[in-house]
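Have a look at the structure below before the remarks.
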Amino acid sequence: MTLAAVAVAIIVQITNLADAPPAVLDSAQTEVVGMFREIGIELIWTPSTEMDWGGPGTARLTVLASSATPLRKGGPVLGAAMRTPPGTGVSWVFYRSVEEEARFQGISVARLLACVIAHEIAHLLQPIKQHALAGLMRASWTREDFQRAARGELRFSAMDAEALRSPSASVTGARGRE
């Protein structure tokens, strides 16, 4: 699905506390930009500082080495997202878990990292935080989902794309609440 015009622009402030290799992170960021561009959302990456909490249309992404809760019923926790009480969109990706799952699934770390980042940023845009029954926004990816990711085919569904572009979608929560 390719849209002719970009409907929404989001600034993502990124902090790499996991010391993820710059080449892997750059590759993942490039892929995430493409995933969102396909659904009419422009992503702009910027480094973040502790003092810079952005404003409307800004989300924070922190790449951490690992999660405090490494497992859940459906498998390892690869990321998380939430809105703070003031409405700031904050997300985390657990790099070591992504590396381990990428090895286990036979997928490049950069490709899986891109999928996890896109999934978590999408949660910050959703009017109501939810998971889909299939695709990128599924709560727990299946073996088939990982295979699609390896081929660069794990993307937002048409329904997810519509919800993410809707007027009620918001990174800051100003127009929508979880």
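The values are calculated or read from the model by the stated rules, or taken from the named source; none is laboratory data. In this text the structure is predicted, and so the values were computed from the model without any measurement. Note that each Cβ is placed from the backbone with ideal geometry, even for glycine, and that neighbours are counted across all protein chains shown.
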Within the range 49-66, of all residues that are in a loop (DSSP other than H, G, I, E, B) and touching a helix residue (DSSP H, G or I) at 6+ places or on another chain (Cβ under 6 Å), the one modelled with the lowest pLDDT is Ser66
Residues in the range 74-115 that are assigned to a loop (DSSP other than H, G, I, E, B) and within 12 Å of the chain's Cα centre (by Cα) total 1
Quick count over the range 116-132, residues being acidic (Asp, Glu) and either surrounded by fewer than 21 Cβ atoms within 10 Å (Cβ to Cβ) or more than 13 Å from the chain's Cα centre (by Cα) (or both), is 0
Checked the range 146-167 for anything in a helix (DSSP H, G or I) and within 17 Å of Ile117 (Cα to Cα); matches are Phe146, Arg148, Ala149, Ala150, Asp160, Ala161, Leu164
Given (1) at pLDDT below 95; (2) under 22 Å from Ser27 (Cα atoms); (3) surrounded by fewer than 19 Cβ atoms within 10 Å (Cβ to Cβ), Gln147 misses just (1)
Every listed condition ((1) at pLDDT 90 or above; (2) surrounded by fewer than 18 Cβ atoms within 10 Å (Cβ to Cβ)) holds for Ala161 save (2)
Selection from the range 18-43 of residues more than 11 Å from Ala118 (Cα to Cα) and either touching a His at 6+ places or on another chain (Cβ under 8 Å) or crowded, with 18+ Cβ neighbours inside 10 Å (or both) yields Ala18, Ala20, Val24, Leu25, Ile39, Gly40, Ile41
